[in-house]
Amino acid sequence: MLDTLANLKDTNQKIGIIAYKMATCNFQEFVHSLRNISKIDIEVINYITPYNFQDAFKTAREKNINTIIGGSFAVEEAQKAGFNAIEILPTECTINNIFHQAKQIIHAKRKEEEDAVWHTKFFETIDEGIITINHNKVITEINQKALELLKINYLKAKYKPVLDFMPSLKDTVEARTAIKDKVIDIDGENYAINYLPLRLSKRSFGAIINLQNVSTIQNLENIIREKTHNKGLSAKFHLSDILGTSEQIEAVKKKSLKYAKTDFNIFIEGETGTGKELFAQGVHLASSRASGPFVAINCASLPENLLESELFGYNEGAFTGAKKGGKEGLFELAHNGTVFLDEIGSMGYSMQARLLRVIQEKEVMRVGGAKVIPVNTRIVAATNIPIFKQVQEGTFRKDLYFRINELNIRIPPLRVRRSDIPILYEHFLKSNLPGKEQNLNYPKVKSMIQKTIKLLDTYDWPGNIRELENCIKRIIALYEELNSDSISYEQFVKELAFPGSESTNNNNQIMVNLGTLKEMEEQLILKVYEQLDNNKSAAADALNVSRTTLWRHLNI
């Protein structure tokens with residue numbers, strides 16, 4: 001380079017060195033140093049586009065440069081353009097510069113390609129429609145999901161006014177204010193829209209539009225609720241699982257199955273222990289809501305303030321100790337399913353008013369919240385007390401009573417379906433009898449239970465099926481003691497701790513089912529005979545009739 005400049009020193013030439021604008025090695029400083037050393041007027045002429053020197057040559061002419069120094073290709077082009085051109089061999093710095101420029105170009109190209117892939121994949125992996133518009137409301141970018149939702153293709157949408165495809169968004173776009181979860185209609189379908197204006201220095205230059213089909217949101221909601229359902233909010237027992245073949249229980253199961261096919265609210269009445277929740281679960285599983293959650297709560301188990309937050313949920317900060325982020329109520333969890341409200345008669349009057357609104361409006365508002373949440377639930381309520389008496393006394397709302405009592409199921413107590421007792425105790429014996437390691441004689445235990453039930457034929461089972469199961473459990477637990485030959489039936493029953501067992505099994509107190517006088521007479525004679533161990537003489541004496549009369553009645 002210096003040799004070349006030395007040869008030009010006395011030629012009074014104005015020299016231009018051709019250089020790419022991204023040259024490294026502090027090229028400008030290098031040329032400045034050459035100028036000072038050689039005392040020659042030297043300027044750097046930059047070219048912007050690789051291998052295109054026309055702009056550089058134009059600049060050279062404007063600066064009256066008549067000699068171009070550069071590489072072989074630049075010199076060749078300079079000569080064609082009419083310049084005196086001198087080729088210089090590349091120095092180590094130039095070679096390094098070339099390699100560095102090549103690496104920069106390759107890196108920039110790769111980065112550009114990677115950014116394009118990131119941009120594309122980011123847009124396409126979002127399972128929502130995304131549209132960007134400029135300040136003229138023209139679409140600048142749109143992802144595949146948005147194209148699918150709007151049923152248009154990319155070429156038709158790109159650089160077209162967004163209102164051509166979403167006219168109902170006109171007020172929002174023109175107002176240029178942010179909106180969230182606005183529902184609009186597009187060609188007969190509902191979409192949830194989020195609109196975010198983009199601003200720079202208080203100047204709006206575009207916006208981002210997010211859209212989702214409302215049905216998609218609802219499906220997602222169902223998936224979430226199904227996961228909740230799988231966590232335990234589910235029914236387990238079908239109507240066919242309810243034990244019993246008596247005429248009374250079969251009639252109730254048949255009615256319940258018919259009711260399940262409707263979507264009306266159901267009110268179940270029955271004494272404690274009759275299996276009200278089993279029927280509620282059976283109705284749910286036989287209904288069109290079977291795939292939805294089954295949520296049960298005992299209204300008598302919680303004070304009114306806690307029952308309110310359990311049923312309707314609460315927002316964060318609604319009360320001291322409220323869970324961060326709030327909590328869904330049972331009605332929200334039971335969306336598209338069934339809510340079972342057991343012991344509804346114990347619900348406070350103010351809570352009854354809130355429940356009535358949920359039933360009427362099909363929406364709930366969380367404690368401490370202002371947002372109304374729509375819910376789609378079927379209500380099955382139950383009670384073991386005469387609730388209509390509460391209505392008459394004014395402690396239970398009449399309007400609520402008739403709302404929950406659209407359909408009515410009355411479960412018969414065990415004392416009027418005694419023919420089911422053998423089936424029930426057989427089931428409870430098998431499900432509660434310990435393993436073989438306990439050395440219990442199954443046939444002997446079963447025989448003992450049969451004798452017990454027979455002895456208690458006049459017992460009215462106030463605890464119904466639950467009490468019968470408890471009886472089976474006691475017999476299993478007290479097997480050794482009850483198996484003693486020396487224990488009397490009276491002691492046997494007393495040992496089982498039945499309420500009022502002393503008087504219940506007194507020979508002077510025998511209960512019979514209501515019927516005609518003749519039917520009740522036959523029941524009485526049979527029960528006295530059985531209670532006295534089938535001793536005809538003892539039975540005839542107790543009834544003050546002859547053995548012949550007794551025999552005639554027993555053989556009818």
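The values are calculated or read from the model by the stated rules, or taken from the named source; none is laboratory data. The structure presented is a predicted model; accordingly, all values stated were derived computationally and were not measured. No Cβ is skipped: glycine too gets one built from the backbone with ideal geometry, and neighbour counts run over all protein chains shown.
Pick from segment 65-86 the residues that are over 16 Å from ASN46 (Cβ atoms) and of a type in the set (Val, Ile, Thr): which of them is surrounded by the fewest Cβ atoms within 10 Å (Cβ to Cβ)? Applying the filter and picking the extreme gives ILE86.
Of everything listed in (1) of a type in the set (Gly, Ala, Ser); (2) touching a Phe, Trp or Tyr at 6+ places or on another chain (Cβ under 8 Å); (3) more than 23 Å from PHE294 (Cβ to Cβ), the single unmet condition for GLY348 is (2).
The residue that is surrounded by the most Cβ atoms within 10 Å (Cβ to Cβ), among those in segment 137-185 that are part of a strand (DSSP E or B) and of a type in the set (Asp, Glu), is GLU141.
The number of residues in segment 243-261 that are at negative phi, in contact with a Lys or Arg (Cβ under 9 Å, 6 or more places away or on another chain) and part of a loop (DSSP other than H, G, I, E, B) comes to 1.
Being in a helix (DSSP H, G or I), over 21 Å from LEU400 (Cβ atoms), out of contact with any strand residue (DSSP E or B) (no Cβ under 7 Å at 6 or more places or on another chain) and not assigned by TED's automatic domain parsing to the domain that holds PRO462 is a condition met by no residue of segment 287-303. Checking each residue of segment 256-266 against the condition of being closer than 20 Å to GLY345 by Cα, surrounded by 22 or more Cβ atoms within 10 Å (Cβ to Cβ) and β-branched (Val, Ile, Thr) gives at least one match.
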